[in-house]
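Undergrad: Here's a structure for you.
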Amino acid sequence: MTGHTLRWAMVAAALAAGCGDKPQQNGDNRVVLIGQVSPLTGPQAHLGKDNENGARLALDEINAAGFTLGGNKVVLELKSEDDAADPKTATTVAQKLVDEGVAGVVGHLNSGATIPASRIYSDNGIPQISPSATAVAYTSSGFKTAYRVMTNDAQQGSVLGHYAVTRLGAKKIAIIDDRTAYGQGLADEVEKAAKAAGGEVVAREYTSDRATDFMAILTSIKGKAPDLVFFGGMDPQAAPMIKQMKQLGMRAKFLGGDGAQTPKFIELAGADAEGALASNPGLPLDAMPGGSAFKAKFEAKYGKIQNYSPYAYDAMHVLIEAMKRADSSDPAKYLAELPRTDYQGVTGHIRFDAKGDITGGAVTLYQVKDGKWQTLETVQSAK
């Protein structure tokens, strides 16, 4: 039996055992449970709530419009769980959602949480679409239940590394990552691309996704006089890092990935955020096909968009559209529809390759100017 056949056989066996489709009744309506997982507590809670609200907005709109499967009215119910951006907690809540009978999952937010959870969903045949996990390892596992609606880190990292050298003029680059699957994975890709473009990596350091004191690392890096410091990690670390760079009198440019390109980064870093650069997969919100309309309705209900909510919104719609095509919420029936996705979403045209990655590879570069993230340019990845 080939690896491909074996994976499908494992999924089929799990589905035959009845996992993932435990319909409930709400009066005369059938209830279908959809999971959502993100960090709802801790330093990344603002991002996790953003994801949750994006998924909830889509679900509420689908319910309001009316949704039927097999000729019967269906009510979608969101089962939202907090993984605290922790891999161990992520597996616990993933198993909880499976046990509760979710038909699909939008999540997780972080790559480090998404990757271990994806095995649990795969073993139980539950389709999973991450709005924001960008690590290459997520979809390279071969799980036929794993999809994402955001550009991966091979694409993002190749753009960032090349841009740092060729557009920002950085000949000497220092790289720091937070040792998460996301941070380290993105940093690895940036390093490869920067070297390929002719740049020199003069330092490669690491910290954690809970740290806030980077003075020792930065002092060491300062002595190597880099032109640019790249950080692979999230905004709770990126903000104090740039503040401490300024305290040390470092003149190096600061460049981050999507984890840093948030309103919270500017809020936390204050005036020291000025001039910082970061990327985000995909198009700027105002250039997305449905970006302006989404922003208006989302912010009227939930407040300022943090980052990934448009992708969570699209991920929910992609799941439900697959159910519609299969005329079933049974994962054994609608899972086969996900590879056939051809959906025009808020974020753009969504189609998947054989691994479950979104096709296309746009990455947008931003810089903080006058206290706001301003778009520099959008680059198409060669990967």
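The values are calculated or read from the model by the stated rules, or taken from the named source; none is laboratory data. No experiment lies behind these values; they were computed from the predicted model shown. With ideal geometry, Cβ positions are generated from the backbone for all residues, glycine too; neighbour counts draw on all protein chains shown.
Undergrad: Can you spot a residue in segment 74-81 that is part of a helix (DSSP H, G or I) and within 26 Å of Gly259 (Cβ to Cβ)?
TA: No, segment 74-81 contains no residue that is part of a helix (DSSP H, G or I) and within 26 Å of Gly259 (Cβ to Cβ).
Undergrad: Looking at segment 242-260, I want the residues that are closer than 11 Å to Phe214 by Cα and have a partner that is at pLDDT below 95 and in a strand (DSSP E or B) with Cβ atoms under 7 Å, at least 6 apart or on another chain. Which pairs are those?
TA: Partner pairs satisfying both residue conditions: none exist.
Undergrad: Let me ask another. For segment 46-87, which residues satisfy the criterion of being of a type in the set (S, T, N, Q) and either in contact (Cβ under 8 Å) with a residue 60 or more places away in the chain or outside the structural domain of Val105 (by TED's automatic domain parsing) (or both)?
TA: Asn51, Asn53
Undergrad: Determine the pairs where a residue that is of a type in the set (Phe, Trp, Tyr), located within segment 169-198, has a partner that is in a strand (DSSP E or B) with Cβ atoms under 9 Å apart, the partner being 6 or more residues away or on another chain.
TA: Between residues of segment 169-198 that are of a type in the set (Phe, Trp, Tyr) and residues that are in a strand (DSSP E or B), the close pairs are Tyr182/Gly232.
Undergrad: Does segment 361-375 contain at least one residue that is assigned to a loop (DSSP other than H, G, I, E, B), over 16 Å from Pro127 (Cα atoms) and touching a helix residue (DSSP H, G or I) at 6+ places or on another chain (Cβ under 7 Å)?
TA: Our first condition is that a residue be assigned to a loop (DSSP other than H, G, I, E, B); within segment 361-375, this holds for 361, 370-371.
Checking the rest, the ones that are also over 16 Å from Pro127 (Cα atoms) come to 361, 370-371.
Remaining after also requiring touching a helix residue (DSSP H, G or I) at 6+ places or on another chain (Cβ under 7 Å): 361, 371.
Yes, segment 361-375 has at least one match.
Undergrad: Quick one: how many residues across segment 121-141 are over 19 Å from Gln95 (Cβ atoms) and either of a type in the set (Phe, Trp, Tyr) or in contact with a strand residue (DSSP E or B) (Cβ under 6 Å, 6 or more places away or on another chain) (or both)?
TA: Count: 1.
Undergrad: Confirm whether Ile173 is of a type outside the set (S, T, N, Q), in a strand (DSSP E or B) and either out of contact with any helix residue (DSSP H, G or I) (no Cβ under 7 Å at 6 or more places or on another chain) or at pLDDT 95 or above (or both).
TA: For Ile173, the condition - of a type outside the set (S, T, N, Q), in a strand (DSSP E or B) and either out of contact with any helix residue (DSSP H, G or I) (no Cβ under 7 Å at 6 or more places or on another chain) or at pLDDT 95 or above (or both) - is met.
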